[in-house]
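Everything on this sheet refers to the single structure shown next.
The values are calculated or read from the model by the stated rules, or taken from the named source; none is laboratory data. On a predicted model such as this, the values are computed, not experimentally measured, just so you know. Here Cβ is always computed from backbone atoms with ideal geometry, including for glycine, and neighbour counts include all displayed protein chains.
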Amino acid sequence: MDRAGLKDKKRETQKEKAPLRRLPDAELEIMKELWAAGEPLTRAALEQRLTRRQWSSTTLLALLARLEEKGYVAREKQGRGYLYTAVLTREEYLPVESRSALGRMFGGSAKNLVAAMAETNTLTDAEIDELADFLEQLRREGR
């Protein structure tokens, strides 16, 4: 089965499972590297990209196995090892992480998030205008 077929099969499996849930930080780190690479990576290449984490090979393989079991990562045999590919895209996952952070940090309130940013002077006038434009666009689209 080619990579596209493997990815489609895994995506179908993921859709049959429960809704997407926030990934543990270690698994998210692996997904970030797979997304950034934009191409399948070997375990060795992932280890190299994740040297700051100082994980053993067995730890990385266990995390990859969990991600594969969840349907977020697919693997394809290559020689004596495997190539790992992100099945779940960053764009598909981002709303999960956003909802989680909003809920954990701001009681589920987008207003509280923006208020916290305003209180710490993190928002520039240009960013406030950009947010206002985006909110107006959402309103026009009926969301």
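Test of understanding: among GLU29, GLU12, which residue is assigned to a helix (DSSP H, G or I), modelled with pLDDT under 90 and out of contact with any strand residue (DSSP E or B) (no Cβ under 9 Å at 6 or more places or on another chain)?
Working: GLU29 fails: modelled with pLDDT under 90.
Selected residue: GLU12, the only one of GLU29, GLU12 that is assigned to a helix (DSSP H, G or I), modelled with pLDDT under 90 and out of contact with any strand residue (DSSP E or B) (no Cβ under 9 Å at 6 or more places or on another chain).
Among what's in segment 63-73 and is in contact with a helix residue (DSSP H, G or I) (Cβ under 9 Å, 6 or more places away or on another chain) and of a type outside the set (A, V, I, L, M, F, W, C), pick the residue that is surrounded by the most Cβ atoms within 10 Å (Cβ to Cβ). Steps first, answer last, please.
So in segment 63-73, the residues in contact with a helix residue (DSSP H, G or I) (Cβ under 9 Å, 6 or more places away or on another chain) come out as 63-64, 66-68, 70-73.
Cutting the leftovers down to of a type outside the set (A, V, I, L, M, F, W, C) gives us 66, 68, 70-72.
Details: ARG66: 16, GLU68: 16, LYS70: 19, GLY71: 19, TYR72: 24.
Across segment 63-73, the extreme among qualifying residues is TYR72.
Does any residue of segment 74-96 turn out to be surrounded by 14 or more Cβ atoms within 10 Å (Cβ to Cβ), more than 14 Å from LEU20 (Cα to Cα), of a type in the set (Asp, Glu) and under 21 Å from the mean Cα position of the chain (by Cα)?
So in segment 74-96, the residues surrounded by 14 or more Cβ atoms within 10 Å (Cβ to Cβ) come out as 74-76, 82-88, 92-93, 96.
Retained after the next criterion (residues that are more than 14 Å from LEU20 (Cα to Cα)): 74-76, 82-86.
With the extra rule that they be of a type in the set (Asp, Glu), the set shrinks to 76.
Filter once more, so that each one left must be under 21 Å from the mean Cα position of the chain (by Cα): 76.
Within segment 74-96 (the criterion being surrounded by 14 or more Cβ atoms within 10 Å (Cβ to Cβ), more than 14 Å from LEU20 (Cα to Cα), of a type in the set (Asp, Glu) and under 21 Å from the mean Cα position of the chain (by Cα)), the answer is yes, since at least one residue qualifies.
Please return the ranges of helices (runs of 4 or more DSSP H) entirely within segment 88-143 where 2 or more residues are touching a helix residue (DSSP H, G or I) at 6+ places or on another chain (Cβ under 8 Å), free of Cβ contacts under 8 Å to residues at least 60 places away in the same chain and not small (Gly, Ala, Ser).
Details: elements: 90-106, 110-119, 125-140.
Counting at least 2 such residues, we get 90-106, 110-119.
Condition check ((1) surrounded by 13 or more Cβ atoms within 10 Å (Cβ to Cβ); (2) closer than 20 Å to LEU67 by Cα; (3) over 26 Å from the mean Cα position of the chain (by Cα); (4) not assigned by TED's automatic domain parsing to the domain that holds PRO19) across all residues:
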position: ALA101; (1), (2), (3), (4): no, no, no, yes
position: LEU113; (1), (2), (3), (4): yes, no, no, yes
position: MET117; (1), (2), (3), (4): yes, no, no, yes
position: LEU123; (1), (2), (3), (4): yes, no, no, yes
position: ASP129; (1), (2), (3), (4): no, no, yes, yes
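When residues of segment 15-26 are filtered for being at pLDDT 55 or above, in a helix (DSSP H, G or I) and within 18 Å of the chain's Cα centre (by Cα), how many remain?
Residues flagged as at pLDDT 55 or above, in a helix (DSSP H, G or I) and within 18 Å of the chain's Cα centre (by Cα) within segment 15-26 amount to 2.
If you go through segment 72-84 one residue at a time, do you hit one that is acidic (Asp, Glu), at pLDDT 95 or above and over 20 Å from LEU28 (Cα atoms)?
Of all residues in segment 72-84, those acidic (Asp, Glu) come to 76.
Now restrict to residues that are at pLDDT 95 or above: 76.
Restricting the remaining residues to those that are over 20 Å from LEU28 (Cα atoms) gives 76.
Scanning segment 72-84, I find at least one residue that is acidic (Asp, Glu), at pLDDT 95 or above and over 20 Å from LEU28 (Cα atoms), so the answer is yes.
State yes or no: is ALA74 in the same structural domain as LEU20 (by TED's automatic domain parsing), farther than 24 Å from ALA132 by Cα, in contact with a Lys or Arg (Cβ under 6 Å, 6 or more places away or on another chain) and not hydroxyl-bearing (Ser, Thr, Tyr)?
On the way: in the same structural domain as LEU20 (by TED's automatic domain parsing): yes; farther than 24 Å from ALA132 by Cα: yes; in contact with a Lys or Arg (Cβ under 6 Å, 6 or more places away or on another chain): yes; not hydroxyl-bearing (Ser, Thr, Tyr): yes.
Taking the combined requirement at face value, the residue satisfies it.
Select from segment 50-70 the residues that are farther than 25 Å from PRO95 by Cα and assigned to a helix (DSSP H, G or I) and list them in ascending order.
Step one: of segment 50-70, the residues farther than 25 Å from PRO95 by Cα are 51-62.
Within segment 50-70, THR51, ARG52, ARG53, SER57, THR58, THR59, LEU60, LEU61, ALA62 qualify.
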